[in-house]
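Report on the following structure.
The values are calculated or read from the model by the stated rules, or taken from the named source; none is laboratory data. Computed from a predicted structure; not experimentally measured. Cβ sites come from the backbone with ideal geometry, for glycine too, and all protein chains shown count toward neighbours. To get the accessible areas, we keep the full protein, side chains included, count just its heavy atoms, and leave off ligands, DNA and RNA. Shrake-Rupley method; radii C 1.70, N 1.55, O 1.52, S 1.80 Å.
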Amino acid sequence: MKHLTTRMRTVAVAAVLTTAASGAVAAPSFAVVPTPLPRPERLSEMPSAPDEGSDPRLEWGVNPAPGQDCPTGSTKLAQTLATEKFDGTGKTWLGTGSTVQTDAQGGWAHHVGPGATGGTKILQTPTVITPGKARMYVKFDVRGDFGEKDLSVSSNNGAGGWFVKPADKATPAVPTTQWRTERIDLTDGANEGTWKNDLLVQWFRDGKDATTVDLDNIEIYQCTPKPVGERGDFNGDGFADAKFVMNDGQLVFVAGTPTKPVSIWRGGTGWTATNWIGSVGDTDGDGFTDLMARGKDGTMRVYRGDGVRGFSNAMKVGYGWNGMDIIIPVGDVNGDTHPDLIARDAKGNMRLYTYLPDGTMTGGTIVGNGWQGYRQIVGIITRNGSKAPTRLYGVLPGGEMKSFTVTSTGRMTGWGKSVGTGWKFSQIVSSGDFDGDGLDDVLATDTAGNAFVFPTNGDGVWKGRLKIPGTYWNAATLIG
């Protein structure tokens, strides 16, 4: 199935804010103290931007394999959220032009085209209760001679939907008269509703010819979140998500994708007291990506992710971090299976920190010096099986970007290979592997309000850039 964007969730914001660098202070210390602020939260409402297209997306990495209800590494929950077999019931589910047909084996929903421009709703579930933080799936049997981009499934919460492949494009291909079972991940749609009890699953016809669609044995269920392998992935789809703190304190995420970014959601409010955000990955070993944030008072906090956009309350893991003007996630450079980061202090020293099994941090060893001349520095981690080392890309004031290799001790080698020029962006970071190819990518914003992802393809090799929708990202005080 292909992803079909119907609406995007965005945030309308005002002018950009900036923060000043602090003077030299002692290296950060560490502590573990629960603290409640700022709190990421799911909110029910977000302003919608105009639809910027309905191009189909590539298949989402968490759709189950054919014949399986849940992805590998995930377990189906016992409670079924909704079912319908159309055996004497189901008329309340019917939309425009749909009827219930029956034979000796039972009933099904039947629809004959044409559909209208923009889509005709042919079927809709009753309100679906979403009782827990898990992945949500819809399973249904389908047959018919409908064509490509004709039948789609989506939620009512505006996170997009999926095209259902026609019979000859199914895996495996089947005759148009043969029933087949499809399973679709609707987790993002469920989460747009803040786990509210307002989720509806809808089927649309977009074709204009008199083809048929039959639907039966609909089941809506949940699976436990699949462990996340990507350090920047907060919604569990396998791609790193871009992070923005807007000048009104909203925390905004843009879901990673190998094609056009379209899924945007708000992760919380009250983030005006934060002056750095990022993710080193899973800090506590539960299999899910965690969010790191530094307060303006120098405290470093971790928010434990749940793999489906949610977070726990903050846990303080350090203080005195205002002495670091650049903080860089670098993966597990020392090989102890725990994530590391490198931070630059006000004197230009680079210091290595590592997470411990209990989710706390240790370190502060100086692994480099003389880095004060770089305006921005990002870490590029490789996870595509090539065993390439982590690299630091440093941007000079004139816009030249240089690459350095990070060794297993955290120290940098090389004189700085030039990997680009013209990098005169307001902010430059790496959110992780945004396009899913196993190589970290670069996120940048400019003064005109644009935000771009620059996918990497090896040391100093770039793919075509991806533009994040909207021209208001100059109102982001932080990106990560």
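One table, with the values for the structure above:
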| read-out | value |
| --- | --- |
| Enumeration of residues in segment 221-250 that are open to solvent by less than 20 Å² (accessible area, probe 1.4 Å), more than 21 Å from LYS467 (Cβ to Cβ) and either in a strand (DSSP E or B) or in contact with a helix residue (DSSP H, G or I) (Cβ under 9 Å, 6 or more places away or on another chain) (or both) | TYR221, GLN222, CYS223, GLY236 |
| Spans of strands (runs of 3 or more DSSP E) in segment 98-174 with at least 1 residues in contact with a Phe, Trp or Tyr (Cβ under 9 Å, 6 or more places away or on another chain) and modelled with pLDDT of 90 or more | 98-103, 106-112, 120-124, 135-143, 151-155 |
| Verdict on THR272 being modelled with pLDDT under 95, among the β-branched types (Val, Ile, Thr), open to solvent by 30 Å² or more (accessible area, probe 1.4 Å) and within 15 Å of the chain's Cα centre (by Cα) | no |
| Test: residue in segment 67-85 that is modelled with pLDDT of 90 or more, open to solvent by less than 30 Å² (accessible area, probe 1.4 Å) and within 26 Å of the chain's Cα centre (by Cα) | yes |
| Subset tally (residues that are closer than 20 Å to ASP233 by Cα and in a strand (DSSP E or B)) for segment 267-292 | 11 |
| Only one of SER418, SER430, SER408 that is outside any loop (DSSP other than H, G, I, E, B) and surrounded by fewer than 18 Cβ atoms within 10 Å (Cβ to Cβ) | SER418 |
| Any chance PHE452 is of a type in the set (Phe, Trp, Tyr) and either buried (at least 20 other Cβ atoms within 10 Å of the Cβ) or in contact with a Pro (Cβ under 8 Å, 6 or more places away or on another chain) (or both) | no |
| The lone exception for ASN457 - which of (1) surrounded by fewer than 18 Cβ atoms within 10 Å (Cβ to Cβ); (2) under 23 Å from GLY229 (Cα atoms); (3) touching a residue at least 60 places away in the same chain (Cβ under 8 Å) it fails | (3) |
| Segment 356-389: number of residues that are open to solvent by less than 60 Å² (accessible area, probe 1.4 Å) and either touching a Lys or Arg at 6+ places or on another chain (Cβ under 9 Å) or modelled with pLDDT of 90 or more (or both) | 16 |
| Meets criteria (free of Cβ contacts under 8 Å to residues at least 60 places away in the same chain, open to solvent by less than 50 Å² (accessible area, probe 1.4 Å) and part of a strand (DSSP E or B)) for PHE425 | no |
